[in-house]
Structures are given as C-alpha cells and as structure tokens.
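Input: a single structure, listed below in structure tokens.
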Amino acid sequence: MTDWTRVADEGDVTEGEPFPTEIDGVEIALYRMEGDILAMGDICTHEHVRLSTGWFEDGRIECPLHQSCFEVRTGKCVPGGPAWQDVPVYAVKIKDGEIYVKASS
Amino acid sequence: MTTAAIETPPAKCWPEDGITRVPAWIYSDPDIYAREMQTFHYGKTWNFVGLDCEVPEPGSFKRSWVGERPVIMVRDHDGTINVVENRCAHRGSLICWETRGKARDLSCPYHHWSYDLKGNLMGLPFLRGAQGKGGMPRGFDKSQHGLTRLRVAVRGGTVWATYSEDTLSFEEYTGPEILERLDRLVSRRPLRLVGYSRQMVKSNWKLYWENSRDPYHATLMHPFLSTFGILRTDGDYHSVPLEGGKHEYTYSQFDPELRNRTSEASQQIKSISNDLKIQDTEVVTSVIDEFNDGMMGAFQLFPTVLVQQYFNCLVVRHMIPKGPGAHELAWTYFGYADDDEKMRELRLKQSNLVGPAGFVSLEDSEVLSLMQPVVESRPDSQQVLEMGGHGTGAQSTMMTETLIRAFYEFYRREMKL
C-alpha cells in the first residue's frame, strides 16, 4: 500500500458530509473542509466502529458510539471522550478530477 | 410457657434481660435486615473493599461488595483508587462481570454506556440518534449520569469505602487500638496477594459475626486447635471489646510448649484428640515471629471484616450479606512483597488452617448453616449470653461471651432496639 490509490471522483465528496471508502481492506473516510479534501482513518480507536457514521461538525468527527472526537485534519483525539489514541491521516492528491490517497502512513 | 405464648408473633422489642439475651427474630426478620443494611453498611461505616495489591496498575480493577451492592475497586490513571457502584446509571445493569482484570474504561455490556475510571459518563451510543432519527434530547447532560461513587480510605495496603458524607475519618472510626493492630499487619511493608477462597454460608450474617467473637466455642468445636496446641483454654488469652462494642480484638501469646503441657484444664478438654495426626507438621510447628511480639490474634472491624493472623497465615474474612438467611465469606490471604521463598511457602501451607475447608474454620460455616433454620423456626426464642458474667468489659479468658454482649450493646443502640 505504498502507491497512490484512486478512491473517488472529486464531486463525490461534499462539504459537511463524510465519504466512507476503503483501500485494501483499510477503512478510511474523505472529508471536504475549507476547500481541501482530507483523508482520515475511519475506525474509532476506542471501539471498532466507523467514525463516518457519526457527527461531523467544526472540523471534528464525533464517534456515534461514545462521542469521542477527532480532528479530521490531523487525526488528533480530542480529550474528553473515552478514546485516547489518534487515528491515522493520509496524504491526498487530486488529478483530473479524481481523488487519490496514499495509504501508507 | 403457654401454647398461646408460642403462637403469638414475637413483638419486635428486646427481652427485658437486656444484652444477656438475644431474641431469635433478629436473625430472620426482613425488616430488621433492611434496617441493618441502611444503618450499617450503607450508613456511617467504613466497609472493607479489598487490598491495594489486588489493583497494582492503572486500570486494574476488582469486583467487590458493600452490603448487598456490587462495587468496583479500580486504580485510576493517576494511581489513586476509586470505588464506584457496579451498576449502570442508565438502566441498572451490572457493568463489570469479571472478578479481576484490567481496563481502560468501564463499559456496560447492555447498551455500551461508557464511563471513565472515576465513574464519569463519557459517552453513549447513538446520543444523536441514527440516520437523523431518535437519540437523546438535546439537553441530556452526561455529567448528571455518572456511576455512584463512594468515599474511599486507604490505610496501609487496605482499601475501605463508605456511602455517607458524615462517616468519621477512617482513623477516628477504627479508634487507636484497632488502628494499631491493622497497621501491624498491613502498613509496615507493601502487601502481596497470596490467594482467595470464597464460600456461601446459609446463615444470617450476625451468626457469623458472633462466631468470630466467641472464644468459648473455639476449643470445644474445633478439635484441631487444642490437639495441635494452637489455642487451649489454659493458655494466655484476651478478649477486648472496643469503641462501645463496635469493634473487638482477641489475642494470645504463642506458646510453642503448649501442646506438650498437661494441666487440670487440658485433662478436661475432650476435644484434645490424641489419635489425630498431621502429615506435615510445618503447618503448626514452623512459626516465624515476623512481628517480633510473639502475638497471635484477630480483630473485627465493623461491619465487614475479621482480620486474622494464625502463625504466618494472614487473612481477611470479608462478610458479604446476601439477604436475611445467607452471607458470602470471601477469604483473602496476603503476605508481603518482600517475603522470601521460605516465607512464601510457609504462608501457603498455613493458609490450610482457615477458609471453607480450613483445619480451624470448617466447622463454623457448617454449624451456622444448620443453626439458621432452627432459629427461623423459633423466632420467639431467646439466646443466652451469660458466660463471663453480664458485663461488657475486657476479660483475660476464653470462657466468656463478653464480646458478643458488647456487640449487642452497640447493635441495640444503633438499631434503636
């Protein structure tokens, strides 16, 4: 997983709405924020659940299970919830209207 | 006594003869039992929860009980020990099912409500619903729905909890004599867990509480004690009620020559069975005077434990009430972190003395389980407590019921009976 993988078209990812996908079995989610497309691991570090089914607000995704929050730009875990470890973030590039993610972090 | 007197339901008032009589209805009456739980275990008392060595690292937890209520003793990330009710604030289900273990947080298996190690509610599934539907009202305040947290006192290697804000400090609660005896066993060196035994005893908890305050039965019902020279009626023995009867201690000076001595009293002790043999005599002969005082004894710290030292076997008997007619006995055997190999083996060997099948304790739970249905069948009857007179002072003899009388003096005062 060292190469760039095409995961979506640019138009698939809309503001305020997480876009869940995967690369070789690794769940990730794409976010459109402040003009950027961001890619972040999509499994909560507390319990195994997809973060993208949670609540996306103010640059943070809130886990649907126990409200652990993560900064989607950095993957940083926000203190206050039951999770204490960060989730990985991945490099993103856009070429000819297609989104590529480099999954090796 | 007339037939009518037997058939009349017993009035819930104490017999006129005071503390030399105990009315049998206190061992089975559900209202009395409920009042005991409120007055004692859930009231202004310190309840034993466990040993600090049972939760060695942050996240280590152990299940325990305060009265009938399940609790969790857990070491927090900062090293302090918390005690919280093992009851989800949502719907009351049991959160922790394992006896001991290690966890990052406390999560309920029913609806996965998740609490931190202090019992604060951190999160709950679908707080905001699913697909835009359902979920908690916007105003739901997680900070108002944490686990019930008990006040905690740590003394040496022991951990205690209370429900009441008004309970005295632990040191004031125990008083200086009990504190000194507790410190002798648990505060001088870091503790080491040796092991556990647990058993259900089908008797009211007070029957066991009295049993631990009853040296009169010891040499009579436990042939092992006198046969192998652990305790004899002609040995040095002290029964000391404390804090108005709330606590007590008993002790004797260990006498290695006791078993070889013949005296008038020893001739009369039928329970000395010369035909009993022990395969491994180290259980009773190999004693290291580790406290340099030659003392052996036990003390009760009301309302949950008897802490006992038999030679080099150190054990906490934790009495956990399970309704008017039953209680659990949880035996926790301990030693010290710096015990050498020889001492470790000796403690393990001598732990055979006590516990559900202990050489000097197995008769207790049997006789009390057979006694419970008898006292239940005659709630109007009375027990007689006149050994050693009618008072409640300390006595230097085993032939006394002063400790039981002292307990009921305390009990009546607290229960307003």
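Brief remarks follow.
- Any chance B:M371 is aliphatic (A, V, I, L, M) and in contact with a Phe, Trp or Tyr (Cβ under 6 Å, 6 or more places away or on another chain): no
- Yes/no for B:E414 being in a loop (DSSP other than H, G, I, E, B) and among the charged types (D, E, K, R): no
Matching residues to (1) over 24 Å from B:T80 (Cβ atoms); (2) surrounded by 18 or more Cβ atoms within 10 Å (Cβ to Cβ):
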| position | (1), (2) |
| --- | --- |
| B:H145 | no, no |
| B:T162 | no, yes |
| B:T174 | no, yes |
| B:R184 | yes, no |
| B:S187 | no, no |
| B:P190 | no, no |
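- Looking only at residues of segment B:242-253 that are assigned to a strand (DSSP E or B) and over 15 Å from B:Y216 (Cβ atoms), we find that the one that is modelled with the lowest pLDDT is B:Q253.
- Among strands (runs of 3 or more DSSP E) entirely within segment B:1-117, having at least 2 residues that are in contact with a Pro (Cβ under 7 Å, 6 or more places away or on another chain) and over 25 Å from B:A153 (Cα atoms) singles out B:21-23.
- Taking the conditions (1) surrounded by fewer than 18 Cβ atoms within 10 Å (Cβ to Cβ); (2) modelled with pLDDT under 95; (3) not in a helix (DSSP H, G or I) in turn, B:Q199 satisfies each one other than (2).
- Of residues in segment B:202-219 being charged (D, E, K, R) and in a helix (DSSP H, G or I), the one farthest from B:M343 (Cα to Cα): B:K206
- Test: B:T45 is touching a residue at least 60 places away in the same chain (Cβ under 8 Å), more than 14 Å from chain A (Cβ to nearest Cβ), under 27 Å from B:L185 (Cβ atoms) and of a type in the set (S, T, Y): yes
- Subset tally (residues that are on the phi > 0 side of the Ramachandran plot and facing chain A (nearest Cβ under 7 Å)) for segment B:105-121: 1
- Whenever a residue of segment A:45-62 is more than 10 Å from chain B (Cβ to nearest Cβ), its partners that are surrounded by 15 or more Cβ atoms within 10 Å (Cβ to Cβ) and among the hydroxyl-bearing types (S, T, Y), lying with C-beta atoms within less than 8 angstrom and at least six residues away or across chains, give the pairs A:T45/A:S68; A:F56/A:Y31; A:I61/A:Y31; A:I61/A:S52.
- Segment B:366-417: number of residues that are in contact (Cβ under 8 Å) with a residue 40 or more places away in the chain, over 23 Å from B:K246 (Cα atoms) and more than 21 Å from the chain's Cα centre (by Cα): 6
- Among the residues of segment A:18-55, the one identified as over 26 Å from A:W4 (Cα atoms) and assigned to a strand (DSSP E or B) is A:W55.
- Single residue of segment B:122-150 satisfying the filter (without any contact (Cβ under 8 Å) to a residue 24 or more places away in the chain, in a strand (DSSP E or B) and in contact with a strand residue (DSSP E or B) (Cβ under 6 Å, 6 or more places away or on another chain)) that is farthest from the other protein chains (Cβ to nearest Cβ): B:M122
This table checks each residue for (1) surrounded by fewer than 16 Cβ atoms within 10 Å (Cβ to Cβ); (2) modelled with pLDDT of 95 or more.
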residue	(1), (2)
B:F359	no, no
B:S377	yes, yes
B:V384	yes, yes
B:T392	no, yes
B:M398	no, no
B:I404	no, yes
B:Y411	no, yes
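- Residue ranges of strands (runs of 3 or more DSSP E) in segment B:291-370 with at least 1 members among the hydroxyl-bearing types (S, T, Y), within 22 Å of B:F407 (Cβ to Cβ) and touching a Ser or Thr at 6+ places or on another chain (Cβ under 9 Å): none
The values are calculated or read from the model by the stated rules, or taken from the named source; none is laboratory data. Since this is a predicted model, take the numbers as computed values, not measurements. Backbone-built Cβ (ideal geometry, glycine too); neighbour counts: all protein chains shown.
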